[in-house]
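First the structure, in the form of structure tokens, and then the observations on it.
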Amino acid sequence: RGWSSRKHSFKLESFDLEELKDKEKTYLIIRGLGKVYKANKDTVFSIDNSFEWKSRFNSSNFIRKGVIHSYGGYGLYSSKNNILYFDPNTKEWTAVKQKNLNPVNNTSPLSIYDSIENVFYTTLGRQNVHGIEFNNYKTVKFDFKTLNWTEVSQIDNRIEDFFRKKTDLRILNY
């Protein structure tokens, strides 16, 4: 059959989009965060009142109870270590309330939301403290019920040393 097209008025500043799906909906989120689009069959439309932030690249995006969330990211010369959610009523991003500070300030692709326990885990990644970059070996979790960050464990840094010395493999984001 081949390709077909139709006239449209859809204009994007960037086509660097990340797909995020739940059971019924497909979203396209601009990398760096900000703009949110919804895809429905062959139509894509903006659902936000935002702009292209360019401040949360490599953030971990997930859907919790039907709401888009985003953890961390790097941009504008800083790492982020909090969780934001996209409020469909205001069509804006808002920080999730938390009772304590996240013990790590990192960006890591090794993150996951556990819908059964209602907690978010993140581990490894790069961390910048007072302008000094180093590898983070801690695993932390955010409990959405208690709104607390907790350090869960610390991975032995010899694992990274092994990968660097014995193989050509590297742990992601290092």
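The values are calculated or read from the model by the stated rules, or taken from the named source; none is laboratory data. All values reported here derive from a predicted model rather than from experimental measurement. Note that we place each Cβ from the backbone using ideal geometry, even for glycine, and neighbour counts take in every protein chain shown. Quick note on the areas: whole protein, heavy atoms, side chains included, nothing else; ligands and nucleic acids left out. Shrake-Rupley method; radii C 1.70, N 1.55, O 1.52, S 1.80 Å.
The table below lists the values:
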{"quantity": "Condition check for Glu117: modelled with pLDDT of 75 or more and loosely packed, with under 15 Cβ neighbours inside 10 Å", "calculated": "yes"}
{"quantity": "So Ser46, is it under 13 Å from the mean Cα position of the chain (by Cα) and surrounded by 13 or more Cβ atoms within 10 Å (Cβ to Cβ)", "calculated": "no"}
{"quantity": "Where a residue in the range 66-89 is of a type in the set (D, E, K, R) and its partner, wherever it lies, is open to solvent by 30 Å² or more (accessible area, probe 1.4 Å), with Cβ under 7 Å and at least six apart", "calculated": "Asp87/Thr94"}
{"quantity": "Enumeration of residues in the range 130-174 that are surrounded by 13 or more Cβ atoms within 10 Å (Cβ to Cβ), modelled with pLDDT under 80 and of a type in the set (Val, Ile, Thr)", "calculated": "Ile155, Ile171"}
{"quantity": "Residues being among the charged types (D, E, K, R) and under 22 Å from Thr122 (Cβ atoms) - total across the range 48-63", "calculated": "2"}
{"quantity": "Any pair with Cβ under 6 angstrom, 6 or more apart, that starts in the range 27-46 at a residue that is more than 15 Å from Trp93 (Cα to Cα) and ends at one that is assigned to a loop (DSSP other than H, G, I, E, B)", "calculated": "Lys38/Ile47"}
{"quantity": "For Tyr74: the one exception among (1) within 12 Å of the chain's Cα centre (by Cα); (2) open to solvent by less than 70 Å² (accessible area, probe 1.4 Å)", "calculated": "(2)"}
{"quantity": "From the options Lys80, Lys145, residue that is under 27 Å from Asn49 (Cα atoms) and either in contact with a Leu (Cβ under 6 Å, 6 or more places away or on another chain) or of a type outside the set (A, V, I, L, M, F, W, C) (or both)", "calculated": "Lys80"}
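Okay, residues lined up against (1) open to solvent by 30 Å² or more (accessible area, probe 1.4 Å); (2) farther than 30 Å from Lys7 by Cβ; (3) aliphatic (A, V, I, L, M):
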{"site": "Ser55", "(1), (2), (3)": "no, yes, no"}
{"site": "Asn58", "(1), (2), (3)": "yes, yes, no"}
{"site": "Ile68", "(1), (2), (3)": "no, no, yes"}
{"site": "Phe86", "(1), (2), (3)": "no, no, no"}
{"site": "Val96", "(1), (2), (3)": "no, yes, yes"}
